[in-house]
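Single-structure report; data block below.
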Amino acid sequence: MEFHEIQNWLKEADPQRLERLWQEADATRRRHVGEDVHLRGLIEFSNHCARSCAYCGLRAENHQLERYRMTAGEILECAHQAVDFGYGTVVLQSGEDYGMDAGWMARVIARIKRETPLAVTLSLGERSEEELHMWRLAGADRYLLRFETSSQILFQQIHPPLSSDSPGRVELLRLLRDMGYETGSGVMVGIPGQTWNDLTHDLLLFRQLDLDMIGIGPFLPHPHTPLGARTVSLNNPERVPNSEETVLKAVALTRLLCPKTNIPATTALATVNRTKGRELALARGANIVMPNLTPLRYRLLYEIYPGKACIQETATECQKCLEARIRRIGRTIGIGRGDSPNLLERTVATGERP
Ligand code: SAM
Ligand code: SF4
């Protein structure tokens, strides 16, 4: 599929024609990644952040947010809970937190790997090559770093660089892949200033980067951020709306472009449509969900945008709710690590170590 066809689908408004897209995406998902939905336990272990992203409530300039950093013991407790719940992966996520010592992080990763059979995914922002290497050696399996938008101009506007010599997210993704990480990225849909051309290029970049995991969610305004406070003209026809339907089209097209990649039904989408957001994503190309394991007292403070879904439920409630939702739509819960079929194919083809 090429640029114009992708863009036509993104702009398509006829529900009958869209039905064809949904069905093709679902059939492709079934053929390439099967009926299993893999569960990744999310641990949001620190909300400290040195960055000034114009979209995110964790940005350093948001002084209204109380900051926390979980202890190694608390993180390990969550990891053991993931094992008890039958999850195959934990995702350790945080702001870009330079108060978090890289050696400490390596020891936490090594302990999780020693004490549990879990795959460990990191989502810690743009870190140095030495740190990324150290964490890989400690046993981390995967790294998530969304490039947010393929438009360099828009990205620079919403994500000011920390230093002039930082390599950029696309370059970091290539580095992570060379280090042997299973590599994930993604975008927000409906960032103020994002055009249909930008979003079309985003989807083509997913394919070009040969990603193992791709997360797509709506941009959700946070009032204590520059983008959340700004009023944007809604009647610009070139502007991408942050609507549920646009996100679902992007998910479905991503499944067609990258058939073997793992695609989560994101919490941001579930925030826009609490009753059916996750189910619709799973029916239109997604095959992963990320139940939250963060202790409630911290979860409330990991406020990247307001009104986040699943903010009041305990880890046990999240597990039960998500498993019931998956079974209700006739899908099965994945057992084991749920490595990306895209990575498996690449390692067979190249003889690389997974
Ligand atoms: N700090 C790390 C980073 O930036 O990669 C990981 C944590 S960050 C909170 C995870 C993701 O949250 C970002 O990649 C971004 O796409 C998403 N996010 C942040 N603010 C958002 C907003 N206002 N609406 C929707 N998604 C948002
Ligand atoms: Fe920090 Fe990540 Fe939020 Fe940017 S998106 S402010 S790096 S937590």
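The values are calculated or read from the model by the stated rules, or taken from the named source; none is laboratory data. Everything numeric here is computed off the predicted structure, so don't read it as measured data. When we count neighbours, we look across all protein chains shown, and the Cβ atoms used for this are built from the backbone with ideal geometry, even at glycine.
Yes or no, residue by residue, for (1) in a helix (DSSP H, G or I); (2) closer than 14 Å to His38 by Cβ; (3) at pLDDT below 95:
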residue	(1), (2), (3)
Leu248	yes, no, no
Lys260	no, yes, no
Ala268	yes, no, no
Thr294	no, no, no
Tyr305	no, no, no
Glu313	no, no, yes
Asp339	no, yes, yes
Ala349	yes, no, yes
Glu352	no, no, yes
- line: For Val83, the lone unmet condition from (1) hydrophobic (A, V, I, L, M, F, W, C); (2) part of a loop (DSSP other than H, G, I, E, B); (3) surrounded by fewer than 18 Cβ atoms within 10 Å (Cβ to Cβ) is (2)
message: Considering only the range 337-347, I want to know if a residue exists there that is exposed (fewer than 13 other Cβ atoms within 10 Å of the Cβ) and either touching a residue at least 24 places away in the same chain (Cβ under 8 Å) or more than 20 Å from the chain's Cα centre (by Cα) (or both).
response: no
statement: When every residue in the range 26-80 that is hydroxyl-bearing (Ser, Thr, Tyr) and either in contact with a helix residue (DSSP H, G or I) (Cβ under 8 Å, 6 or more places away or on another chain) or in a loop (DSSP other than H, G, I, E, B) (or both) is compared, the one nearest to ligand 1 (Cβ to nearest atom) is Tyr55
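Quick grid of which residues meet (1) closer than 16 Å to Asn262 by Cβ; (2) more than 23 Å from the chain's Cα centre (by Cα); (3) among the β-branched types (Val, Ile, Thr):
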{"position": "Pro15", "(1), (2), (3)": "no, yes, no"}
{"position": "Leu18", "(1), (2), (3)": "no, yes, no"}
{"position": "Thr28", "(1), (2), (3)": "yes, no, yes"}
{"position": "Phe45", "(1), (2), (3)": "no, no, no"}
{"position": "Ser52", "(1), (2), (3)": "no, no, no"}
{"position": "His63", "(1), (2), (3)": "no, yes, no"}
- prompt: Can you find even one residue in the range 314-326 that is more than 15 Å from Tyr87 (Cβ to Cβ) and crowded, with 22+ Cβ neighbours inside 10 Å?
  reply: no
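Results for (1) more than 16 Å from ligand 2 (Cβ to nearest atom); (2) hydrophobic (A, V, I, L, M, F, W, C); (3) crowded, with 22+ Cβ neighbours inside 10 Å; (4) over 23 Å from Leu300 (Cβ atoms), shown as yes or no for each residue.
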residue	(1), (2), (3), (4)
Met1	yes, yes, no, yes
Trp9	yes, yes, no, yes
Arg17	yes, no, no, yes
Gly34	yes, no, no, yes
Ile43	no, yes, yes, no
Tyr55	no, no, no, no
Leu58	no, yes, yes, no
Ala72	yes, yes, no, no
Met105	no, yes, yes, yes
field: Complete set of residues in the range 268-287 that are polar (S, T, N, Q) and surrounded by 24 or more Cβ atoms within 10 Å (Cβ to Cβ)
entry: Asn287
